[in-house]
1. So which residues in region 135-151 are polar (S, T, N, Q) and surrounded by fewer than 17 Cβ atoms within 10 Å (Cβ to Cβ), if there are any at all?
2. Can you name every residue in region 79-136 that is among the acidic types (Asp, Glu), more than 23 Å from the chain's Cα centre (by Cα) and not in a loop (DSSP other than H, G, I, E, B)?
3. On the basis of being more than 15 Å from ASN225 (Cα to Cα) and either in contact with a Ser or Thr (Cβ under 8 Å, 6 or more places away or on another chain) or assigned to a loop (DSSP other than H, G, I, E, B) (or both), does ALA175 make the cut?
4. For region 122-134, how many residues are surrounded by 13 or more Cβ atoms within 10 Å (Cβ to Cβ) and either under 18 Å from ARG187 (Cβ atoms) or among the small types (Gly, Ala, Ser) (or both)?
5. Would you be able to say whether some residue in region 160-180 is closer than 17 Å to MET223 by Cα and either among the charged types (D, E, K, R) or without any contact (Cβ under 8 Å) to a residue 12 or more places away in the chain (or both)?
6. Scan region 176-199 and give yes if some residue there is over 22 Å from PRO112 (Cα atoms) and either crowded, with 20+ Cβ neighbours inside 10 Å or among the β-branched types (Val, Ile, Thr) (or both), otherwise no.
7. Would you say SER154 is surrounded by 10 or more Cβ atoms within 10 Å (Cβ to Cβ) and outside the structural domain of LEU204 (by TED's automatic domain parsing)?
8. Please work out which one of (1) modelled with pLDDT under 95; (2) under 30 Å from GLN106 (Cβ atoms); (3) of a type in the set (A, V, I, L, M); (4) over 41 Å from the mean Cα position of the chain (by Cα) is the condition MET196 fails and give its number.
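The values are calculated or read from the model by the stated rules, or taken from the named source; none is laboratory data. Predicted model, so just to flag it, every value in this text is computed and none were measured. Note that each Cβ is placed from the backbone with ideal geometry, even for glycine, and that neighbours are counted across all protein chains shown.
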Amino acid sequence: MDNSKFDPNRSGSASTPEKKIPGWAWAAGIILIIGLLWVVGTIIDFDQSSESETVATATTTPTTTKPQLTDADREKYGRQAQERAAASASQAAAAEASRQAAAAAQAAKMDPSTYERIDERSFAEIVRNADAHKNRKIVIYGNVVQADAGTGTSRFRANTAATQYWNWYDFDQNAIISANDPALVSRVLEDDLVEMFVEVKGALSYSTTLGGETTAPEFTINMLNVYGSD
């Protein structure tokens with residue numbers, strides 16, 4: 001019997017030959033695994049380094065703490081603030097008082113009732129020693145005898161008296177009349193008869209047109225009325 005003949009009725013099946021994996025495939029797989037392990041290790045190391053740097057930065061960052069004020073400090077600062085406020089209020093009050101005093105003094109200069117009306121004897125005493133009566137406020141009358149370039153725009157010279165007269169020869173006390181505001185005397189002319197509300201300034205020495213020197217009382221005028229001319 002020929003046993004090598006194919007018999008389809010024979011039970012069983014033919015075995016499939018086993019496939020072999022090439023050597024280069026094994027090498028490639030090993031290299032891939034090693035590469036993946038290296039990448040994973042690098043990522044883990046980077047995360048750990050970053051975390052260490054963050055911790056170090058947080059550790060070395062200086063922290064500032066506001067000093068705590070004690071009750072004594074609060075009391076001290078509060079007292080200093082009160083002292084500064086009191087000093088400021090005192091300065092403001094002093095400045096206001098000074099301003100009010102100056103305003104009151106200026107208002108008094110323009111109030112005719114604050115000036116003395118004196119007799120001729122009292123006026124002669126003032127003329128004789130004007131320095132002894134500085135700042136005294138009086139009412140005088142005069143006949144203007146010089147109001148020109150020689151006296152200037154804020155002064156004039158007059159013969160004066162304590163009484164209102166209408167004739168030039170009744171005024172016999174030589175005097176210099178000056179004004180803080182030139183506009184006050186700008187309309188005054190020679191021969192005018194004037195009523196003057198003045199403050200005694202003192203004695204004034206000046207040169208005359210003849211080359212000599214004379215002394216006369218000087219008065220600062222605050223109000224003036226021209227009541228005639230002679």
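1. Start the filter on region 135-151 by keeping residues that are polar (S, T, N, Q), which leaves 135, 143, 146, 151.
Hits for region 135-151 are ASN135, GLN146.
2. Step one: filter region 79-136 for residues among the acidic types (Asp, Glu), giving 83, 96, 111, 116, 119-120, 125, 131.
So of that shortlist, the ones also more than 23 Å from the chain's Cα centre (by Cα) come out as 111, 116, 119-120, 125, 131.
Answer for region 79-136, where residues must be among the acidic types (Asp, Glu), more than 23 Å from the chain's Cα centre (by Cα) and not in a loop (DSSP other than H, G, I, E, B): GLU116, GLU120, GLU125, ASP131.
3. Working: more than 15 Å from ASN225 (Cα to Cα): yes; either in contact with a Ser or Thr (Cβ under 8 Å, 6 or more places away or on another chain) or assigned to a loop (DSSP other than H, G, I, E, B) (or both): yes.
When the stated conditions are applied, ALA175 passes them.
4. Summing the residues that are surrounded by 13 or more Cβ atoms within 10 Å (Cβ to Cβ) and either under 18 Å from ARG187 (Cβ atoms) or among the small types (Gly, Ala, Ser) (or both) in region 122-134 gives 3.
5. Quick first cut of region 160-180, residues closer than 17 Å to MET223 by Cα only: 160-164, 175-180.
Of the ones still in play, those that are also either among the charged types (D, E, K, R) or without any contact (Cβ under 8 Å) to a residue 12 or more places away in the chain (or both) are none.
The answer is no, given that none of the residues of region 160-180 is closer than 17 Å to MET223 by Cα and either among the charged types (D, E, K, R) or without any contact (Cβ under 8 Å) to a residue 12 or more places away in the chain (or both).
6. Keep residues of region 176-199 that are over 22 Å from PRO112 (Cα atoms), which gives 189-191.
If we keep only those that are either crowded, with 20+ Cβ neighbours inside 10 Å or among the β-branched types (Val, Ile, Thr) (or both) too, we end up with none.
Checking region 176-199: not a single residue is over 22 Å from PRO112 (Cα atoms) and either crowded, with 20+ Cβ neighbours inside 10 Å or among the β-branched types (Val, Ile, Thr) (or both).
7. For SER154, the condition - surrounded by 10 or more Cβ atoms within 10 Å (Cβ to Cβ) and outside the structural domain of LEU204 (by TED's automatic domain parsing) - is not met.
8. Condition not satisfied by MET196: (1).
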